[in-house]
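The values are calculated or read from the model by the stated rules, or taken from the named source; none is laboratory data. These numbers were taken from a predicted model, which means no experiment stands behind them. All Cβ positions, even for glycine, are placed from backbone atoms using ideal geometry, and neighbour counts span all protein chains on display.
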Amino acid sequence: MKIIFAGILLSALAPLATLHAADVPASKKPNVLFIAIDDLKPLLGCYGASWIKSPNIDRLAARGTRFTANYCQVSFCAPSRFSLLTGLRPDTTHIVVNPAKQDDLLRKRFPDIVTLPQHFKNNGFLTCAMGKVFDGRTVDDGHDTASWSVPYVRRFDEAPGGLGKPPGYQNKITQQRLAAAAPGTQGPPVECEDVPDNAYYDGAMARTGAAKIREFAKGKQPFFLAVGFLRPHLPFIAPKKYWDLYDRAKLPLAPFQTMPASSPHDIAFYSNSGELRAWSDVPKTGLIPEALQRELIHGYAASVSYSDANVALLMAALEESGALENTIVCLWGDHGWHLGEHGHWGKVTNYEDATRAPLIIAAPGHRQDVEVKAITEFLDVYPTLCDLAGLSRPAHLQGTSLTPLLGESRATLHEAAISQMAPNASKDGVMGWTLRTPRYRYVEWRRADLSTDTPRITGQVESVELYDYQTDPLERENLAGKTEHAAVLKEQQALFTKLLPHLPKRLE
């Protein structure tokens with residue numbers, strides 16, 4: 001069969017017997033293409049959103065495995081990436097919010113930690129990063145210099161062998177946006193300009209990434225190339241041709257736009273969509289008008305399609321260079337994003353739309369077009385890539401390898417995925433942990449002092465939530481206070497205690 005990426009034919013790998021890590025000869029170590037996409041929820045064709053135009057990511061999924069019940073550890077950029085790339089839970093890293101920029105927070109807290117790319121570097125891989133891989137607020141100016149054997153590509157025009165600066169549209173458009181913005185705002189939340197793909201950062205970065213693939217493929221050293229795309233993070237910016245893929249009037253709106261019945265919180269607890277309201281032309285309070293909702297969803301969809309086209313460039317470069325058949329491709333979005341669900345626009349909640357995130361892994365020698373419905377976590381990425389590349393796993397890892405799920409096995413690797421978030425970092429604050437099992441979501445909010453580098457968690461439970469996705473997939477009602485669900489609540493609390501034994505005993 002043939003797989004097409006942006007008009008380029010790519011030969012799919014024929015199904016082969018699964019290779020065990022120990023069976024991979026040193027001379028045949030696979031490359032790794034590691035693609036991070038900012039704020040990408042599972043709004044993709046291959047995840048069942050048939051109206052989204054994501055043909056290239058869909059084709060990538062057809063080459064490998066898509067994990068449809070995958071969850072981030074924190075629905076916030078910095079802590080999610082910090083956790084995935086170190087292999088440590090947020091309760092270990094103590095990074096649960098986006099911190100203020102610090103001078104190399106990662107190495108200050110964990111001077112001897114071996115990150116995911118650093119482990120590959122230490123095992124003979126040429127490692128290189130460009131774009132947003134770590135969150136820049138947590139690493140040094142070299143994007144954690146210790147992780148990369150090639151200096152971090154901060155901007156596309158700084159990359160040796162890159163394509164240089166784009167035609168100048170990016171600066172011009174940015175200046176126009178800021179000039180038109182109301183005082184104290186960041187400009188409009190969307191932008192549709194009839195410009196080439198490389199007029200914007202992601203398109204130019206994708207071309208530099210493709211150039212690096214062709215360069216690295218000529219060498220004898222296996223490579224680990226990490227490419228981080230910014231869209232669909234706000235503002236929703238994409239060239240006009242990606243907006244033209246959609247009919248705004250036909251775009252689906254979130255079907256349930258209020259907080260759950262019996263919720264212990266109002267929308268203000270989740271910032272009142274503050275991430276969106278900081279942009280001009282957005283009401284500072286109240287519901288987002290329907291016309292603006294459609295414009296925002298249109299912008300998000302266009303941004304997804306733009307990132308999809310940029311993924312195609314990387315995949316085409318793998319095929320053209322002859323590296324495709326010996327390259328593991330791992331694509332992930334760092335967390336989900338509410339597009340009006342529960343009346344919220346943004347991330348940083350403990351609900352499904354913020355904690356569920358896409359994960360696709362295509363690896364040589366493994367089955368194709370596989371959907372895994374078992375619960376998985378981003379912590380599992382580090383040990384999985386180690387196994388697939390034939391590397392030992394560092395002892396500090398807190399995730400579980402997903403390699404059994406890439407084969408015939410449909411094993412249950414996790415009883416639940418664990419996510420958490422804090423609405424603020426105050427002394428008199430709360431932290432919420434959520435367990436996502438195949439059927440239920442349990443959320444427990446504890447009183448916590450989050451004002452220091454090491455949060456102090458108490459046993460004082462402020463509130464709990466329980467949702468049943470079999471009967472209530474939209475999280476319309478918190479069932480925690482219902483007598484008929486008391487037994488389920490008790491079971492979920494017992495599982496919480498089992499999976500989070502480091503927390504203080506719950507005060508009854």
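A search for C-beta distances below 7 Å between a residue of segment 265-277 that is in the same structural domain as S75 (by TED's automatic domain parsing) and any residue that is of a type in the set (A, V, I, L, M) and crowded, with 16+ Cβ neighbours inside 10 Å, counting only pairs 6+ apart in sequence or on different chains, returns H265/M259; D266/M259; I267/M259; Y270/V348; S271/V348; E275/L234; L276/L234; L276/V282. Residues considered: G286, G336. Of these, the only one that is in the same structural domain as F229 (by TED's automatic domain parsing) and in contact (Cβ under 8 Å) with a residue 12 or more places away in the chain is G336.
Scanning segment 270-304 for residues that are within 21 Å of the chain's Cα centre (by Cα) and charged (D, E, K, R) turns up just one, E275. Applying the criterion of at least 2 residues that are farther than 29 Å from A363 by Cβ to the helices (runs of 4 or more DSSP H) found wholly in segment 67-146 leaves 105-109.
In segment 263-283, the qualifying residues are those that are out of contact with any Pro (no Cβ under 8 Å at 6 or more places or on another chain) and closer than 21 Å to P188 by Cβ, and the one that is surrounded by the most Cβ atoms within 10 Å (Cβ to Cβ) is S273.
Taking segment 118-134 as the range and being at positive phi and in contact with a Leu (Cβ under 9 Å, 6 or more places away or on another chain) as the test, only G131 passes. For segment 233-262, filtered to residues that are of a type in the set (G, A, S) and crowded, with 17+ Cβ neighbours inside 10 Å, the residue that is nearest to P473 (Cα to Cα) is A254. Applying a threshold of 6 Å to beta carbon distances and a minimum spacing of six or more residues, or different chains, the list of pairs starting in segment 371-389 at a residue that is in contact (Cβ under 8 Å) with a residue 24 or more places away in the chain and ending at one that is of a type in the set (F, W, Y) and crowded, with 24+ Cβ neighbours inside 10 Å reads V372/F67; T376/F67; E377/Y71.
Based on this model, can you work out whether I361 counts as within 17 Å of R410 (Cα to Cα), of a type outside the set (K, R) and surrounded by fewer than 24 Cβ atoms within 10 Å (Cβ to Cβ)? For I361, the condition - within 17 Å of R410 (Cα to Cα), of a type outside the set (K, R) and surrounded by fewer than 24 Cβ atoms within 10 Å (Cβ to Cβ) - is not met. Within segment 284-300, the set of residues being modelled with pLDDT of 95 or more, of a type outside the set (V, I, T) and in contact with a helix residue (DSSP H, G or I) (Cβ under 8 Å, 6 or more places away or on another chain) comprises R294, E295, L296, H298, G299. From the list D104, D91, D112, the one residue that fits, being under 30 Å from K220 (Cα atoms) and in the same structural domain as T349 (by TED's automatic domain parsing), is D112. For beta carbons closer than 6 Å, sequence separation of 6+ or different chains, a first residue in segment 89-114 that is within 28 Å of T434 (Cα to Cα) and surrounded by 17 or more Cβ atoms within 10 Å (Cβ to Cβ) and a second that is modelled with pLDDT of 95 or more and charged (D, E, K, R), the qualifying pairs are L106/D144. Screening D428 on (1) surrounded by fewer than 21 Cβ atoms within 10 Å (Cβ to Cβ); (2) touching a Ser or Thr at 6+ places or on another chain (Cβ under 8 Å); (3) more than 30 Å from A389 (Cβ to Cβ); (4) without any contact (Cβ under 8 Å) to a residue 40 or more places away in the chain shows it passes everything except condition (2). Would you be able to tell me the number of residues in segment 50-62 that are buried (at least 21 other Cβ atoms within 10 Å of the Cβ) and either in a helix (DSSP H, G or I) or free of Cβ contacts under 8 Å to residues at least 24 places away in the same chain (or both)? Result for segment 50-62: 5.
Entry remark, segment 259-302: residues being at positive phi and assigned to a loop (DSSP other than H, G, I, E, B) number 3 in total.
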